[in-house]
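Down below is the structure, laid out as structure tokens.
Here, each number is a calculation from the coordinates, and none is a lab measurement. Note that the coordinates shown come from a computational prediction; the quantities given were computed from them, not determined experimentally. Cβ: placed from backbone, ideal geometry, glycine included. Neighbour counts: every protein chain shown.
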Amino acid sequence: MDFPAFPDAPPLLSQEEKQELATPSCSITRYKSIIEEKTNVYNDLFHSLYPIEKLVKGLSSFFDEVLQAAWMAKGLHDESHVSLIAVGGYGRGELHPKSDIDLLILIENETSAPKEKLEAFITFLWDINLDIGHSVRTIDQCTEMAKKDITVITNLIESRTLSGPSDLLNTLQLHVDISQMWDGHSFYQAKIAEQKLRHAKYQNTAYNLEPNLKECPGGLRDMQVIDWVAKRHLHTHRLSALIDKEFLSEDEYIQLKGAVSNLWRIRWALHTVAGRKEDRLLFDHQRTLAKLFGFDDDDLKRNVERFMQGYYQSVAAIQQLNDLLLQHFEESFITKDAINSVEIINKNFQIANGQIEARSPTLFQDEPSSMLEIYVLFGAHENIKGIRANTMRQLRDNLELVDDDFRNNKKNTDLFLDIIASRYRLSSILRSMKHLGLLGRYLPEFGAIIGQMQHDLFHIYTVDAHTLQVVENLRRLWLPEYKQKFPISSQAIRHVQKVELVYIAGLYHDIAKGRGGDHSELGCVDAQAFCERHGLSKQDTELVVWLVRNHLFMSVTAQRKDISDPEVIWEFASYVKDQEHLDYLFILTVADINATNPTMWNSWRASLMRQLYLETKRALRRGLDSPIDADMISDEHKQRALEIMIERDLDITEAENIWANIEDEYFIRSNGDEIAWNTEAILRHRPSEKPLIAITPLGGRNFSGASKIFIYAPNSRHIFAVTAATFEQLGLTILDAKISHTTDNYTLDSFVVMDSNDNDTNLYLDKERIILIRNTLMEQLETPSLYESVVQRHTPRILKIFNSPATAHFVSQPEEVWSALEITAPDRPGLLALVGQFFMNNSIMLHKAKIATLGERVEDTFYITEENGDLITDNERMATICNLLKENIDRFSKAMD
């Protein structure tokens, strides 16, 4: 890339230093000393805000001189048949502090290579600690390799002679010219295919939690793709030449240059901070860089988010221009001779070769509403593949016309509602509008969240990317291929009367992120203003606002509350009020969870959401004036269990004798299938045997990875702590735990678990795995005093970065059978075992646990009583429990790090 000249160039070698380094007697120590001295000056200049373009070019020029001196010192300057060539990024004359220095030693033929001198030269470069990548090849070898390998031809496009005769490289350049190999079409297609594969490695998004600023979509490599294609097609070595050739406007060039400069500054700082070549913006580096770039107030999380927002805005600009220019290249070079197929849509637009384009070069200036009209047409015509490059550029050039008058114009608000109601490709339309800057101009509140990240492991996308993913997920619920994965959601979305309302709620549900305060409440204000500006009815407005306010309510209820409790279901149904609100909220919640972090949507969470939806649906049908009767639920579950056991030819009388000793809550909170499974296992278990441990995968296609573990044993205060520690040792994550007791002093413990590393695999169908789990549990339950030492798992690097203080508090329940204690803490191996030990040591009885791991933190709810079964209601006792537990967790988290 070329940039304008700046005064006061950074330091190179003085004439005396050149002469000193070029002498054969110059020592390795002296080379290292000079290199360290000069690079320190470069880093000092960087911290003084010296222009990054000058530093990157200057550092490359400095190492040119070092290599030239070393070449001369090893006697290679006298060789007439060998040249030292810079290739790759170094060939472009761009170098960061720890970048590889890629070299090609080009020889005329095999016999002309001064092997001993070359070996001494390469060894010397290693000795002075240069990170070089090198190859020694003849012109013919380079030519043959370039024919077969797109990477080789790309490197040679950016080659330049450092030392030795320049005619060798000139000859090679003739052999690899576009007239000899890799014509414009094949080179372009190869680079596009290469870019697609690279993007796929990063899930086709620039908005990763720890992005690679070189390889991710919108990264520096995307910038280089533009450069490579331009050089191959236009034979120019200056990107600014694209302005003269009308491929790039001056404003676009300035925007591109600014984005690249920002990424270069980040990359330079990253290399310095890491002390090595590093292009990944790891979380710990993000924190250091945020401070280095001036974000240094007391709010660390906000500092990182502000720093990363600037990064994401830069990559978005590069990605946008990469898309635009590559499409422009394709239209100009690849398909320019194709037979034109033109279909006139109306007076403003036509379809040319499957792409929509403006029929006038001044259309958007003359009729600004056409900027929205083009997307209405895009969503109405199935045969439109995209927007022509010139039309995209024309649209970008007129964005300043989207002002308050434009936004309040009824014609434009009607057009935007037509876009939301698009029959085809709504999510693609919204992404295109965002990339071009139109969506952020039309909805300024959306523009404010572009590039807004959340510094945690739960939200893996920026707020804008997540928002558009929610809309895409909602659209996918209509597709047949998603009906199997989301059967109830796919059915529910077909029942709502106005699906566009949930799309609007999806656009606004997180619109207030990053402002501080409750984003759900703040977002309601923006959602209401949108609905009123766009003329929605009072009823529709109220529904959209209700969805924005409550978009987290269903997931929080499913994951934190005991939804096997009829009172919890009745309370939730009373809040939702009717089936319409339930359907809208359910599909928005499913789309939101899957767009927040797809790995969090596993078979267990799906089952919780399905259970809450179906139980609430039943409650609404029954009527809110008729709360669910717990005894009726218990009888239904028992009857279902009896039917199953009769089918299996089990002794019903013996089964009922077992049930007579079990507390009533067990039958309310366990379905018939589970009761039958537990009872059959107890019937087949001989009392003289060791504790009963039964393991089974949860049934049905929606439980591909979860397993249920049932323990029946003499009651003991240590069972939960031992079991939790053992699961940690085995790499199992507890999702749900239920502890019941019998009158003859036995405990029935049921755990739903998944593998910690892969939440959707069928590991538990493997007999050896089941035997290992059972034997390990048996051993630990028989020797409970040893359980504290069983957790030996290492805390992952990424979790150590996040270590916020724990919180603990009691929450009220609709019908307080048990006291509910909510804990939020950093995710650490052994945490549940610690909590279990705390309960044991403080005479607390655990009845049920709801476990939710959300990225780097856990949000767990424990349903507890005093050891004698009494509720914990004394304020002083509750405060003591919370304070002691927080102290224990914080001390434990610090020790684990």
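If each residue of separation counts as 0.36 nm, what is the full-extension length gain between GLU16 and GLU636 once their alpha-carbon separation is subtracted?
Going from the current span to full extension adds 213.7 nm.
LYS54: which aspartates and glutamates have alpha carbons under 12 Å from its alpha carbon, excluding same-chain residues fewer than 8 sequence positions away?
Straight-line reach from LYS54, under 12 Å: ASP2, ASP8, GLU94.
What is the extension gain from ILE344 to ASN745, computed as 0.36 nm multiplied by their sequence separation minus the C-alpha to C-alpha distance, in nm to one decimal?
Roughly 136.1 nm would be gained on extension.
Using the Cα atoms of region 210-324 to build a convex hull, what is its mean projected area in square nanometres?
One quarter of the hull surface, i.e. the mean projection, equals 7.4 nm².
Starting from the 7 Å offset along Cα-to-Cβ, what nm value, one decimal, do you get for the label separation of GLN203 and GLU779?
According to this spin-label approximation, the distance is 3.7 nm.
Mind listing the long-range amide H neighbours of ILE872? Cut-off is under 5 Å, sequence gap 5 or more, other chains count too, H placed in the peptide plane at 1.01 Å from N.
SER819, GLU866
Can you work out D for region 258-359 in µm² s⁻¹ from Stokes-Einstein, where Rh is the Kirkwood radius over C-alpha pairs, the temperature is 20 °C and the viscosity is 1.002 mPa s?
126 µm²/s
Against the longest principal axis of the chain, how steep is helix 630-647, in degrees 0 to 90 to the nearest 10, with axes from Cα atoms?
Tilt of helix 630-647: around 80 degrees.
Sequence-distant or interchain residues sharing an amide H contact under 5 Å with VAL858, placed H: which?
Counting only residues 5 or more places away or on other chains, the set is ALA825, ASP827.
Show which lysines lie in cross-link reach of LYS850 when reach means a straight Cα distance below 19 angstrom and same-chain residues fewer than eight apart are skipped.
The qualifying lysines are LYS561, LYS708, LYS738, LYS886.
For region 794-897, what percent of Cα pairs sit more than 18 Å apart?
45 percent
Return the sequence-ordered ³J(HN,Hα) values of region 471-485 in whole Hz as given by the Karplus equation 6.51 cos²θ - 1.76 cosθ + 1.60 applied to θ = phi - 60°, using x for Gly and Pro.
Per-residue couplings from phi come out as 4, 4, 4, 5, 5, 5, 4, 7, 7, x, 5, 9, 5, 6, 6 Hz.
For a footprinting-style exposure proxy, rank ILE646, ILE593 by other Cβ within 10 Å, fewest first.
In increasing order of surrounding Cβ atoms, one gets ILE646, ILE593.
Return the calculated 222 nm mean residue ellipticity for the chain, to the nearest 500 deg cm²/dmol, obtained by summing -39500 (n - 2.57) across DSSP H runs with n ≥ 4 and dividing by the residue count.
About -16500 deg cm²/dmol.
What would the Debye formula give as log10 I(q)/I(0) at q = 0.08 Å⁻¹ for the alpha-carbon point model of the chain, no solvent?
Treating every Cα as an identical point scatterer, log10 I(q)/I(0) equals -0.90.
For region 15-182, just the Cα set please: Rg and Dmax, both in angstrom.
Gyration radius and largest Cα-Cα distance of region 15-182: 16.5, 51 Å.
Cross-link partners among aspartates and glutamates for LYS196, C-alpha distance below 13 Å, same-chain residues fewer than 8 apart left out?
Within the straight-line cut-off, LYS196 pairs with GLU215, ASP222, ASP323.
By what distance, in whole Å, do the Cα atoms of region 443-623 stretch along each of the three principal axes, largest value first?
So the three principal-axis extents are 44, 38, 35 Å.
Under a 5 Å amide H to amide H cut-off, with H placed in plane at 1.01 Å, what residues pair with HIS809 once short-range neighbours are removed?
The list, which skips near neighbours in sequence, is GLU822.
So what J values fall out for region 233-243 if you push phi through Karplus, 6.51 cos²θ - 1.76 cosθ + 1.60 with θ = phi - 60°, rounded to Hz, Gly and Pro as x?
Calculated HN-Hα couplings, in order: 7, 9, 6, 10, 10, 10, 4, 5, 5, 5, 5 Hz.
Does region 532-602 classify as rounded, prolate or oblate by the C-alpha gyration tensor (a ≥ b ≥ c root eigenvalues; a/c under 1.5 gives rounded; else a/b over b/c gives prolate, otherwise oblate)?
Here region 532-602 falls in the oblate category.
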